[in-house]
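No lab work stands behind these numbers, since they all come straight from the coordinates. Predicted model only: the values in this text are computed from it and were never measured. For neighbour counting, all protein chains shown are included, and Cβ atoms are generated from backbone atoms with ideal geometry for every residue, glycine included.
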Amino acid sequence: MSRRWTTALVLPLALTACAGGHYAPGTGAPHTDAPRTIAVESYPARTEEASPPPAGVVHARVDAGVRPARLELTMWGTPGCMPYPVDVGWTDSTTVEVLTAAGVDPACSDEYLPVSQVVVLPVYYPADGVRTVRVDGATVALAVDTGR
């Protein structure tokens, strides 16, 4: 399988910082061997579904109406403990593959909530041509917004 990977903006895992991963000013972030998220945004999901799915990603939405295009992944889980995106690339002109890492927050709560995480898509192919999104090898539900 051929992949073209991007050098997406890499940000520290925002969910860890929000969940109490504080450090003394001027000392920098604590060192961790965990991969960093490539999500440029993370927020509570906007979903009409009243009950959570069995597990994992429930929805992927490509916003092809902006440049660069963005992919919004909505997952159910415990904030700070759910998987987060660490790499994204095209496997062919219609398929985007996302790799995730497990959340590392040791203070997971009992809440089971939908969270959306947004990544920037590589520009190798037109984003409005996306027909399949795969997360860690599994195909997920997809919607494409072309902005038209």
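Do any chymotrypsin sites (Phe, Trp or Tyr not before Pro) in the stretch 80-148 lie in a DSSP loop with no more than 14 other beta carbon atoms within 10 Å, and if so, which?
112, 124
How many times 2.2 N^0.38 Å is the alpha carbon radius of gyration of the stretch 86-148?
The stretch 86-148 yields a ratio of 1.33.
Taking amide H positions as placed in the peptide plane 1.01 Å from N, state which residues far from residue 121 in sequence (5 or more) or on other chains have amide H under 5 Å from it.
When sequence neighbours closer than 5 places are left aside, the close amide H contacts are 69, 70, 71.
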